[in-house]
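The values are calculated or read from the model by the stated rules, or taken from the named source; none is laboratory data. This one's a predicted model, so the numbers in the text were calculated from it and none came from an experiment. Note that each Cβ is placed from the backbone with ideal geometry, even for glycine, and that neighbours are counted across all protein chains shown.
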Amino acid sequence: MPTLTLLRRSGGTLVASALTVSLVATGGAAQAAPADRGADWLSGRLTGGVIVDGGFPSYGLTIDTTFAMKAIGGHGTDIKQMRNALEQHVGDYIGTGGEKYAGATAKLLVAAQVTGADPRSFGGVNLVRRLNSLVKKKGPAKGRIVDQSKFGDFANTLGQVLAVRGLTRAGSHRAGDARRFLLEQQCQQGFFRLDFSKLKAANQGCGTNSLPDPDATSYAVLELWKTSKGHPAFRSALKRALSWLLDHQRKSGAFIGGTTTATPNSNSTGLAAWALGTAGKCGPAKKAAAWVADLQVGAEPGTSPLAGERGAIAYNRAALKAGERDGITAGTEDSWLRATSQAAPSLLFRHGC
């Protein structure tokens, strides 16, 4: 299995990547401050423009951090350094030769676009052309992104969302097919499923056994709300996804991450808050952001194990308590990095839209 997949599980939750909508806080410096602190903490984790996770460079996390900083605002120097580092490691992330990873290609395409780079010449690679080549051209799976890898095909709905966003902005002739296939992954109840059908299956759409995925549903709204403007059927689909999210928000404001993460967590709640706020659902977004804010490290005294970690966001209450006891360790750092990069932008909605 390739290590350069779009998704990872952190603390049991599905961690969505490449959060890219630019948000503008309306509450001034006081509203943006918690999000800013999250971005500052992530900045301190950069080494040569790359997030190092478990002793190894993580280009996916680097992109997540880029998108978080773009949403929050500022950190122009950090963003430029990360973009430059990504340009130097394109093949390490999206694959080379016979190895071509569709989700990673879509993610990097969007990264190039939002950072002002030329996606048709990013690190010497035409990302638009590369992604076009990974979109099925005919048959029941027409429009589906597909990995070309000896390890198998691990593309899924999150990568499909990014492909729709990136190809639409690039004016690709494959954008329409990718969009239609994505809409087939939305189930009647309004949620999006995460995993595709088998590639050769006659039915590529959502079936009766498809499980709801809150992260994939939030992700579709977040990434594509603006892209759906001018596409009535597409906007209607995203409104149904919003309704489903609102129906599944807990009284506390929190969200779970799906069938494998049946407890609330900052990754899923942060993603949902970001999506709800982007679509103008300010009250629910504020409530979810408040839940996330309770998991952010404040100004800890110098003797605390979390001293110097101000702005970091824990995955859940248990992770925060462990951090207060032991600090952020080599074994828990991944969870903190992923939670903060995904949830920090949601804090822009701490006091509403």
What pairs come up if the first residue lies in segment 229-244 and is among the hydroxyl-bearing types (Ser, Thr, Tyr), the second is surrounded by 15 or more Cβ atoms within 10 Å (Cβ to Cβ) and not in a helix (DSSP H, G or I), and their beta carbons are under 7 Å apart, counting only those six or more places apart or on different chains? Ser243/Gly190
For segment 202-229, which residues satisfy the criterion of being at pLDDT below 95 and of a type in the set (A, V, I, L, M)? Leu211
Exactly one of Leu4, Leu14, Leu42, Leu61 is modelled with pLDDT of 95 or more, within 17 Å of the chain's Cα centre (by Cα) and closer than 17 Å to Gly159 by Cβ, and that residue is Leu61
Lone unmet requirement of (1) over 25 Å from Asn265 (Cβ atoms); (2) over 22 Å from the mean Cα position of the chain (by Cα) for Gln189: (1)
Conditions (1) over 25 Å from Ala112 (Cβ atoms); (2) among the small types (Gly, Ala, Ser); (3) touching a helix residue (DSSP H, G or I) at 6+ places or on another chain (Cβ under 7 Å): number failed by Gly143: (1)
Give the residue that is modelled with the highest pLDDT, with candidates limited to residues of segment 239-260 that are buried (at least 22 other Cβ atoms within 10 Å of the Cβ) and touching a strand residue (DSSP E or B) at 6+ places or on another chain (Cβ under 9 Å). Ala241
Gly171: passes all of (1) within 25 Å of Arg130 (Cβ to Cβ); (2) buried (at least 23 other Cβ atoms within 10 Å of the Cβ) but (2)
Looking at this structure, is Gly327 free of Cβ contacts under 8 Å to residues at least 60 places away in the same chain, crowded, with 19+ Cβ neighbours inside 10 Å and either charged (D, E, K, R) or more than 21 Å from Ile63 (Cα to Cα) (or both)? no
Criterion: closer than 25 Å to Ala220 by Cβ and not in a loop (DSSP other than H, G, I, E, B) - qualifying residue of Val52, Val128: Val128
Of (1) in a helix (DSSP H, G or I); (2) over 20 Å from Leu162 (Cα atoms); (3) of a type in the set (Val, Ile, Thr); (4) in contact with a strand residue (DSSP E or B) (Cβ under 7 Å, 6 or more places away or on another chain), Thr77 satisfies every one except (4)
Hey, could you check segment 76-110 for residues that are among the polar types (S, T, N, Q) and over 19 Å from Ile145 (Cβ atoms) and say which is surrounded by the most Cβ atoms within 10 Å (Cβ to Cβ)? Gln81
Among (1) of a type in the set (S, T, N, Q); (2) over 20 Å from Gln148 (Cα atoms); (3) touching a strand residue (DSSP E or B) at 6+ places or on another chain (Cβ under 9 Å), the one test that Gln113 misses: (3)
In this structure, does Ile72 turn out to be surrounded by 20 or more Cβ atoms within 10 Å (Cβ to Cβ), of a type in the set (Val, Ile, Thr) and either free of Cβ contacts under 8 Å to residues at least 24 places away in the same chain or more than 23 Å from Thr157 (Cα to Cα) (or both)? yes
When you check Ala141 against the structure, is it at pLDDT 95 or above, in a loop (DSSP other than H, G, I, E, B), surrounded by fewer than 15 Cβ atoms within 10 Å (Cβ to Cβ) and among the hydrophobic types (A, V, I, L, M, F, W, C), yes or no? no
Is it the case that segment 190-198 has a residue that's touching a strand residue (DSSP E or B) at 6+ places or on another chain (Cβ under 7 Å) and not in a loop (DSSP other than H, G, I, E, B)? yes
Can you confirm whether segment 31-38 contains a residue that is surrounded by fewer than 22 Cβ atoms within 10 Å (Cβ to Cβ), modelled with pLDDT under 95 and in a helix (DSSP H, G or I)? yes
Flagged pairs (Cβ under 8 angstrom, 6 or more apart or on separate chains; first in segment 284-308, touching a residue at least 12 places away in the same chain (Cβ under 8 Å); second in a strand (DSSP E or B)) are Val292/Ile313; Leu295/Ile313; Gln296/Ile313; Val297/Ile313
Looking only at residues in segment 319-353 that are among the small types (Gly, Ala, Ser) and within 30 Å of Cys282 (Cβ to Cβ), which one is modelled with the lowest pLDDT? Gly352
